[in-house]
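We did not get these values from a lab; they are worked out from the coordinates using the rules stated. Worth saying up front: this structure is predicted, and the values here are computed from it rather than measured. Counting neighbours? That spans all protein chains shown, and the Cβs are built from the backbone with ideal geometry, glycine included.
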Amino acid sequence: MLSHHERVELDKIERWFETSDPELAAALRRGKPARSAALLTALAILLDVVACGLLAAGIAASNPALAVCSLFAAAGGVAAHLARRRDRR
């Protein structure tokens, strides 16, 4: 059980969070951690580059396994782009 003083201090911290970073406060209220937009962007670009590289290597080496791996990387890139787009809304 918290004392009156501890509850007052927690209320101050809560108000500070809500004014300084409303997105973080909303994410904490929902119970979901906030995703880093920069991390999702970097992941999406990395997966795009890897998919293109694997596809080029698969075509050059006539290796269907590399081409299939490029499809998986491209699917991951699409998922990362969609997650980034959904977080912007």
| C-alpha long axis of helix 37-60 to longest principal axis of the chain, angle in ° | 10 degrees
| Relative to the first principal axis of the alpha-carbon coordinates of the chain, what is the inclination of helix 64-88, with its axis defined by its Cα atoms, in degrees from 0 to 90 and to the nearest 10? | 30 degrees
| What residues from the stretch 40-57 fall in the zone where the backbone N is under 15 Å from a label point 7 Å along the Cα-to-C-beta line of V68? | 55
| request: Quick one: among S70, S36, S62, which has the greatest mean-square fluctuation in a GNM of the chain with alpha-carbon springs under 10 angstrom? | output: S62
| request: At 0.36 nm per residue, minus the direct Cα-Cα distance, what do A57 and A38 gain on full extension? Give it in nm, one decimal, please. | output: 4.0 nm
| task | May I ask for the angle, rounded to the nearest 10°, between helix 4-20 and the longest principal axis of the chain, with both axes built from Cα atoms and the value confined to 0 to 90°? | result | 40 degrees
| In the set (i) 36, 12, 8; (ii) 23, 18, 9; (iii) 46, 11, 9, which value of semi-axes √(5λ) of the Cα gyration tensor in Å was calculated from the structure you see? | (iii)
| query | Taking the chain as a Gaussian network, Cα atoms linked when under 10 Å apart, which of I45, I13, I59 shows the biggest mean-square fluctuation? | reply | I13
